[in-house]
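See below for the structure under consideration.
The values are calculated or read from the model by the stated rules, or taken from the named source; none is laboratory data. Quick caveat, the model's predicted, so the values are computed rather than measured. Positions of Cβ are backbone-derived with ideal geometry, glycine not excepted, and every protein chain shown enters the neighbour counts.
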Amino acid sequence: MLAYSVRYKGRLDKAYPYENFYPYYLILKDNIVSPFSYTILGLLIGGFAIFMLIFFCSAIYILARHILKIEVYDGIGLTVLVIFLLLFLGLGIGSGYVAISWLNKGNKMEEQKQKEYATQQWDKCFVSKEAKACYSLCNRSVSKACKQLFDVAYQAEKNENYPLATEFYHYGCRANRSASCNNLGVMYENGRGVIKSIDRATELYKKACKLGSKKHGCTNAGLIIYRSNQDISPNQEKVTAFLTIGCQAGNNQACDTLSEIRAK
């Protein structure tokens, strides 16, 4: 007989319309430089250009005045100094502006690239129903894609399409969705769509519990350890810990099993 485990059912939503999706949600912030950042970078490049020009001209002045002993009248020297300072300032500002323009152009190209990628992934996830695409979007904090991973899996499980269900549960669990981890554990415990594995199911239930699935994941973690061990003594502390969390979260099965263990 198949062991009964607590499934998280959730609530199935309708398909999400395109007007609720904005590709810029998915722009990889690590690859996009903020306007403030590249303005600062432009100023730094401009400042560096000014510094290098002053250093270069100072070297020429020292060479001419002190080594080659070329006399420079104070008035002429002051005028030349002002001209050079203005030249330095202009070149520095120009260098900074070029740097900002270059970075801004690169930013726009990267942003457009990310928007195109995001739109493609959106189509693959919500139109073609590809688990990997939903996982990619979910990892970029698109909550609708995270829910899509669970909804498709749960509906497939209801329709007894176990391979599809396990695939979507697998990616949902990889994205650290506690409900997907719990339900994937149920699939492994019962051998539906995958080779039956109590050890794998136990790992998944524990992960679901750790991710916050107290009512379902923690209960299942306690139940499967309890069922799979003839001698409960070495594992009683673990079992009671998991079942206590499940019972406190409102799972009656956890409370009943806990009472059964304590009555022995």
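The table that follows gives values for the structure above.
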{"read-out": "Criterion (of a type in the set (D, E, K, R), surrounded by fewer than 17 Cβ atoms within 10 Å (Cβ to Cβ) and in contact (Cβ under 8 Å) with a residue 24 or more places away in the chain) met by exactly one of Lys113, Lys144, Lys132, Lys158", "value": "Lys132"}
{"read-out": "Hey, Arg192 of a type outside the set (Asp, Glu), closer than 21 Å to Gly212 by Cβ and either surrounded by fewer than 21 Cβ atoms within 10 Å (Cβ to Cβ) or assigned by TED's automatic domain parsing to the domain that holds Ser213 (or both) or not", "value": "no"}
{"read-out": "Matching option when the condition is more than 30 Å from Ser259 (Cβ to Cβ) and more than 25 Å from the chain's Cα centre (by Cα), among Glu130, Glu167, Glu160", "value": "Glu160"}
{"read-out": "Matching entry among Lys196, Lys215 (being under 18 Å from Ala254 (Cα atoms) and basic (Lys, Arg))", "value": "Lys215"}
{"read-out": "Evaluation of Gly185 against (1) touching a residue at least 40 places away in the same chain (Cβ under 8 Å); (2) surrounded by fewer than 20 Cβ atoms within 10 Å (Cβ to Cβ); (3) closer than 21 Å to Leu149 by Cα (one fails), failing number", "value": "(2)"}
{"read-out": "Yes/no for Ala221 being buried (at least 24 other Cβ atoms within 10 Å of the Cβ) and closer than 20 Å to Tyr162 by Cα", "value": "no"}
{"read-out": "Sole residue being within 25 Å of Ile245 (Cβ to Cβ) and in a helix (DSSP H, G or I), chosen from Tyr171, Tyr154", "value": "Tyr154"}
